[in-house]
1. For a footprinting-style exposure proxy, rank SER130, SER478 by other Cβ within 10 Å, fewest first.
2. Can you give me the C-alpha center-to-center distance between the stretch 89-117 and the stretch 192-219, rounded to a whole angstrom?
3. Among the trypsin sites (Lys or Arg not before Pro) within the stretch 292-395, which fall in a DSSP loop and have no more than 13 other Cβ atoms within 10 Å of their own Cβ?
4. Using θ = phi - 60° and the Karplus form 6.51 cos²θ - 1.76 cosθ + 1.60, what ³J(HN,Hα) does each residue of the stretch 75-90 get, whole Hz, x for Gly and Pro?
5. Distance from the Cα centre of the stretch 268-345 to that of the stretch 406-473, in angstrom?
6. Quick check on the exposure proxy: order TRP52, TRP403 from fewest to most C-beta atoms within 10 angstrom.
7. Residue by residue through the stretch 252-261, what is 3J(HN,Hα) from phi via Karplus (6.51 cos²θ - 1.76 cosθ + 1.60, θ = phi - 60°)? Round to whole Hz and write x for glycine and proline.
8. Please report PHE451, PHE216 as a ranked list, fewest other C-beta atoms within 10 angstrom at the top and most at the bottom.
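Read-outs throughout are calculated quantities, based only on the coordinates presented, and are distinct from any laboratory measurement. All of these numbers come straight from a predicted model, not from anything done at the bench. Every residue, glycine as well, gets a Cβ built from its backbone with ideal geometry; the counts of neighbours run over all protein chains shown.
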Amino acid sequence: MIKRLIAALLCVVMIPRGIAHDLPDLGDSASSELSPLAEQRLGAQIMRDIRWKEPAYLRDPEVEDYLNWLGDRLVASGPGAGLPFQFFGVSDASLNAFAMPGGNIGVHTGLILAAQTESELAGVLAHEVSHVTQRHIARMLGKQSQTSMIMLASLLLAVLAARSSAQASQAAISTGMAAGMSTQLSYSRDFENEADRIGVQNLAAAGFDVRGMVGFFERLQKNARLYENSAPAYMRTHPLTSDRITEMENRVAQMPYRQVPDSLDFQLVKAKLKVGRQPTREVIGEFETAARGASPSVAAQYGLVRAYLQVRRLADADREMAVLRKRGALSAMIDGLEGDLRLAHGDPAGAARLFREGRGRFPQSHRLMYGEIESLLAAARPDEALTVAKAELLTTPADATLWEFRARAEAALGKRLAQHRSLGEVYAIQGNYAASAEQFALAQAASDGDFFEQSAVDSRLREVRGLLAEQMRELRESRGQR
């Protein structure tokens, strides 16, 4: 679906001016760009639908933590410093990454696995970050006489429903792409060259090996020549030419050589993705061979423990975890794996202790935080789980996972008003305002809250009903435009 979404957004970009000129403005009519506020609103809506409706969205806080750590390092070193960015994984074996409105950047798991060094992966992200900081998407959308937000949102919903009518969806996309194709390709080449130039600068400023970006693109180009009918997806969405490669090579040749070692988490993320949810015998065999070689890497040992855990060979996993711990490597992912192993042994109290200790070393880890709360709930300690969830929500109030944990803890403690209020927040974050209003109404009807809790619920219910009314109005308007 995400591939269709990208194609559909490009379809909107290429709407002929004659069709778009009567649509309402998204910002300053004198501007040729989508306004920053409109871009943020569009990006937030797209991400909400991907995060809660797209099966390919990778719901793995460890991988997402890593991608955001890597992406934030690049953003902080370039013109995007201070802009809101989100990096997320997509469970897809193809080699692809893409930028969307509002600084949302998706990375396919196939691309992560194909990157031979962290600098290669960082090079791709630097290119995508540059598309955002140079406002390429906003400029493409804005060129179409300020295409309306409602139209874009309704198109997104149509794409999400396209599973039941892929043929009709493809026909609509093809029709849109046929209009103005020659102009769009020229526009795209300019943007790709600019993203290459800014991306290389950002990569160097962030302390990575700039040759990684060139090397990865060269490998993609070679694969495209060898397999013309199955070129990497990144090649199809980001056309590579010999001129682009040559320009990057010339630019990099003027820069000093820098040998940059990969971070441990880059190797651990690759090992985790390779293991997957149900590792094959071949994959387990590869990790066994690598972990028992002359100089086994920490990542190979980690991958072996995870593979054994996934197939429930817990005694083997315990043995290899002891070996891994003796290596002395520090990572939130290793702490998380040990906590998962305790949970698999039916020891949630021990797991909670391990996750808590890990959070002391890595306080920014969402994975360890979620693991501690999950373990406390499994250990029948909902009061402690609630304390942790409430404390974290003070700084991350839009975290639906934390609200879900909070609702579970409150249910276990018999707090009916609080439970329904938390579930109402979960649905509100997901954009399901009808379900959210229903939960706040149930909270309002509960009789176990004090005056202040009841007042907060009353106020929130009014807000959510207002959002629901606005959502229904926009839906009616979008139907009227079609």
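1. Values: SER130 27, SER478 19.
By the 10 Å Cβ count, ascending, the order reads SER478, SER130.
2. If you average the Cα positions of each part, the centres end up 16 Å apart.
3. Numbers: sites: ARG292, ARG306, ARG312, ARG313, ARG319, ARG325, LYS326, ARG327, ARG342, ARG353, ARG356, ARG359, ARG361, ARG367, LYS390; in loops: ARG292, ARG312, ARG313, ARG327.
Sparse-neighbourhood loop trypsin sites (Lys or Arg not before Pro): ARG292, ARG312, ARG327.
4. 4, 5, 9, x, x, x, 4, x, 7, x, 10, 10, 10, 9, x, 10
5. Taking the Cα centre of each part, the stretch 268-345 and the stretch 406-473 sit 42 Å apart.
6. Values: TRP52 15, TRP403 22.
Sorted ascending by nearby Cβ count, the order is TRP52, TRP403.
7. With coefficients 6.51, -1.76 and 1.60, one gets 5, 4, 7, 9, x, 6, 9, 8, 10, x Hz.
8. Working: PHE451 7, PHE216 24.
Taking fewest neighbouring Cβ atoms as first place, the list is PHE451, PHE216.
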